[in-house]
């Protein structure tokens, strides 16, 4: 439930039009020895669906796939990353695992326009990947 609340807060932040003030924001802790698999790179949406699993993606994995997040928030033993596209906000919520590494705990795909229907995860992932290539 707590992760769902954090994820919802991130989605709302992802829908905001003004960039956040990130001056002096804490940095994401680095995970130890974590690599994306070929399967993760071939199916990023599938990798995101493993949220909550022991082998779930780390923030480094998200950065490797999608580039730098538009919004990064670190709070205690968790972090929230939001990737914005013209139509989607892809929100990734991370929580510390037993070893203290941040692992993906929840994913939310939301429309940037509140009047639009919720887009499928695959659409937001495709747009986020294209956003990285374009930048």
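The values are calculated or read from the model by the stated rules, or taken from the named source; none is laboratory data. All of these numbers come straight from a predicted model, not from anything done at the bench. Note that each Cβ is placed from the backbone with ideal geometry, even for glycine, and that neighbours are counted across all protein chains shown.
Overview of results
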read-out	value
Number of the exception - residue 18 against (1) assigned to a loop (DSSP other than H, G, I, E, B); (2) surrounded by fewer than 15 Cβ atoms within 10 Å (Cβ to Cβ); (3) modelled with pLDDT of 50 or more	(3)
Which listed residue, of 53, 42, 91, 77, is in contact with a strand residue (DSSP E or B) (Cβ under 6 Å, 6 or more places away or on another chain) and at pLDDT 90 or above	91
Flag for residue 78 being more than 23 Å from residue 134 (Cβ to Cβ) and surrounded by fewer than 22 Cβ atoms within 10 Å (Cβ to Cβ)	yes
Residue list for segment 55-75, restricted to those being part of a loop (DSSP other than H, G, I, E, B) and over 18 Å from residue 100 (Cα atoms)	67, 68, 69, 70
Count - residues of segment 78-102 that are more than 15 Å from the chain's Cα centre (by Cα) and more than 15 Å from residue 62 (Cα to Cα)	6
